Amino acid sequence: MSTLPVQSFTNESAALTAAIQSARQRRNAAVEYLNSLGSESSRAGMRSKLKIFAQWYKYPSIETCEWGLMRREHIVDFMEYLKIREQSENNGEVQGARQKNKKGLQANSINNYLYALKGVARAAWALDQINDHELQRITAIKQLRFYRQPTGRALTFREGRKMLEACSSDNPQQIRDLAILSLLLGCGLRRAEVPALQMNQIHLDGGYIRLIGKGNKERTVYLNGEVKENLTNWINYRGSEEGYVFGRFTKGCKRLVLDKPLVERYIGKIVERYQQSSGQGTIKPATPHDLRRTFATRLLDKGVDVSLVKTLMGHASVATTALYDRRGEESLREAASKIEL
């Protein structure tokens with residue numbers, strides 16, 4: 001019986017190892033990082049930031065950028081660049097600054113760029129494009145410290161009720177929109193979560209939805225009586241066939257398209273439309289995320305433990321949930337009055 005020389009196995013193993021390493025190094029670390037993100041909106045947001053870095057780094061696109069050459073010094077210099085560069089009024093992209101009095105990006109925006117670049121650095125390390133030492137140097141870059149009053153607001157009960165009443169008719173589109181507003185206000189769904197809902201996630205008998213949310217995390221969303229009723233009314237009209245729960249109506253509501261989801265930005269238009277039609281046009285405009293803030297604020301105002309609110313919101317930490325608290329000065333004053341000396 002003949003045997004192959006040991007040396008031939010060694011050569012084949014070395015060649016295979018070299019081929020694998022070469023294949024890794026040809027992969028694009030930014031694309032790998034973007035593919036790891038859980039939602040399309042996250043990928044779009046981070047892609048735009050990485051594109052700006054690549055162009056600053058003298059590459060036309062993230063696909064042509066040599067991310068394995070990225071070093072700590074490049075990222076630190078880029079962060080300084082963001083502090084002084086002006087923003088386009090149209091699209092928010094960073095442009096070359098020619099006027100010294102133009103204000104740069106705020107600290108929280110710069111930190112988002114840093115977060116994305118650290119993610120790319122980790123992907124480049126996994127592809128053997130940067131070494132351990134360089135990864136440690138990049139991940140050791142500290143975020144900019146800042147404090148800002150939280151943005152957004154919570155709707156009053158009157159605002160929320162009037163908005164729901166503005167679409168409480170037998171019109172098919174308003175039946176759908178009432179169900180959407182109910183999920184935003186009564187369950188705290190994110191804007192992106194509403195169009196993505198599928199019929200197999202709805203469990204009306206049990207009164208809950210099994211939701212795949214941000215970061216591909218699954219959570220259970222419970223429906224109170226009114227939300228369940230409004231969602232049931234829509235499904236009774238829609239039908240129980242598989243597909244997206246909320247579809248798009250063709251012109252004149254002649255046909256309902258269920259094989260494609262609603263566009264995310266359309267959810268914002270629904271909120272805007274019924275705030276206007278409810279006679280609240282002079283009130284500060286609300287966004288879908290304001291309805292999510294309202295959901296969290298009302299639970300906290302009812303004394304629900306913040307850890308439970310965290311779970312219902314699909315947050316990773318109570319620190320994030322705390323940022324949604326919009327109970328305002330009166331609640332703070334009332335809490336302070338309870339202190340006994």
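Quick check: with the 1.4 Å probe, what order do S182, S168 take by accessible area, largest first? Mind dumping the intermediate values first?
Values: S182 5, S168 80 Å².
So the residues, ranked largest to smallest area, are S168, S182.
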Candidates G215, G152, G225, ranked by Gaussian network fluctuation over the chain, Cα under 10 Å, top entry: G225
Local electrostatic count at N112 - Lys and Arg +1, Asp and Glu -1, tallied over other residues with Cβ under 13 Å: +3
Under the span-like rule (Cα at least 15 Å along the axis, Kyte-Doolittle mean at least -1.0), DSSP H helices of the chain: 6-26, 40-56, 72-84, 107-126, 172-187, 288-301
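Please give the per residue volume of the convex hull enclosing the alpha carbon atoms of the range 215-341, rounded to a whole number of Å³.
Details: hull volume 21.4 nm³, N = 127.
Hull volume over Cα atoms, normalised by residue count, gives 169 Å³.
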Residues listed by number, the range 289-328, amide nitrogen under 16 Å from N112 label point at 7 Å toward C-beta: 289-290
Counting all C-alpha pairs of the range 136-214, share separated by more than 14 Å (%): 75
Value at 222 nm in deg cm²/dmol, rounded to 500, when DSSP H runs of n ≥ 4 in the chain each add -39,500 (n - 2.57): -16500 deg cm²/dmol
Order of exposure, largest accessible area first, which applies to H315, H74, H133 with probe 1.4 Å: H133, H74, H315
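Note the direction-averaged projected area, equal to a quarter of the hull surface, for the Cα convex hull of the range 247-286, in nm². Display every interim value, and only then the final one.
Numbers: hull surface 13.6 nm².
It is 3.4 nm².
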GNM top mover of I84, I209, I267 - the chain, alpha-carbon springs below 10 Å: I84
Where labels lie 7 Å past Cα in the beta-carbon direction, separation of S240 and R265 in nm: 3.8
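Multiply the residue gap between T250 and R273 by 0.36 nm, knock off their C-alpha separation, and tell me the result in nm, one decimal place.
Once the chain is fully extended between T250 and R273, it gains 6.5 nm.
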Two-decimal Rg/Rh across the chain, once Rg and the Kirkwood Rh are taken from alpha-carbon atoms: 1.07
In nm, spacing of pseudo-spin labels at D132 and M199 (7 Å Cα→C-beta vector): 5.4
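The values are calculated or read from the model by the stated rules, or taken from the named source; none is laboratory data. Every value quoted in this text rests on a predicted model; they were computed, and no experiment measured them. In this analysis, Cβ positions are derived from the backbone assuming ideal geometry, glycine residues included, and neighbour counts consider all displayed protein chains. In case anyone asks, the SASA skips ligands and DNA or RNA and just uses the protein heavy atoms, side chains included. Shrake-Rupley method; radii C 1.70, N 1.55, O 1.52, S 1.80 Å.
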